Structures are given as C-alpha cells and as structure tokens.
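To keep things clear, I will list the structure first and then write my remarks on it.
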Amino acid sequence: MHNMKCYAYIAAFAVFHALIILAFGLFAMPTETPTVRVRSVAIRSLDYCASDEPFFNITLVVEVAMRNKNFGHFRFDPSTANVTYGGCHSGQWRHNQSKSQC
C-alpha cells in the first residue's frame with residue numbers, strides 16, 4: 001500500500017513538471033518568424049543604352065540582415081529572391097540553406 005502511494009506521488013510530480021514545461025514553452029518562449037531586412041543597396045556597375053532598342057545591365061550589391069527573435073538556432077531553407085523591373089523579371093538571387101544564431 002505504501003508503495004502505491006509513492007508511485008502516485010512520482011506520477012503527480014512528473015505530470016506537474018510536464019505542465020510547467022509545456023506552459024513555459026507556449027507562453028514564455030513563443031516561436032516567431034525571423035525578420036529579413038535589406039540594409040543597403042549599392043550599384044557596382046551600370047551599362048545602359050537609350051536608343052531604338054533600349055537595354056540596361058546593372059550589378060547590385062545588397063546587404064541583407066536577418067534577425068532571429070527565437071531562443072536557439074533557426075534554420076533557413078534554400079530560397080530564391082527575384083528582381084523585377086516594370087513588371088518584368090530581370091534578375092534572381094539564390095540563398096543556400098543556413099542557420100541563424102539567436
């Protein structure tokens with residue numbers, strides 16, 4: 001009989017701690033999507049022609065900042081950013097898989 005009472009206290013202790021951990025994970029440490037911002041854009045080279053068949057060739061250097069508000073690491077899947085001009089697709093940037101520190 002005394003053994004059953006001990007097991008009941010151990011089970012109650014485990015359930016209580018599981019609830020505390022669950023509440024802490026849900027309310028104190030919510031998962032948020034990291035923010036991505038363009039910090040600066042610089043033009044490295046620019047060639048253009050304004051004749052009958054206009055064209056331009058531009059090289060941009062872009063500094064992107066990612067802010068991780070979560071506790072621990074956040075893994076970014078491979079992604080692609082497209083550059084459009086006047087509604088037409090004119091460039092593309094590919095980002096490999098990486099992770100961000102907290």
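Only the coordinates and a few stated rules stand behind these numbers; no lab work does. As the structure is a prediction and not an experimental result, all values here were calculated from the model.
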query = Roughly how tilted is helix 2-23, in degrees to the nearest 10 and between 0 and 90, from the longest Cα axis of the chain?
reply = 20
request  = Of the listed values (1) 0.99; (2) 1.07; (3) 1.39, grab the one calculated as Rg/Rh (Cα atoms, Kirkwood Rh) from the structure here.
outcome  = (3)
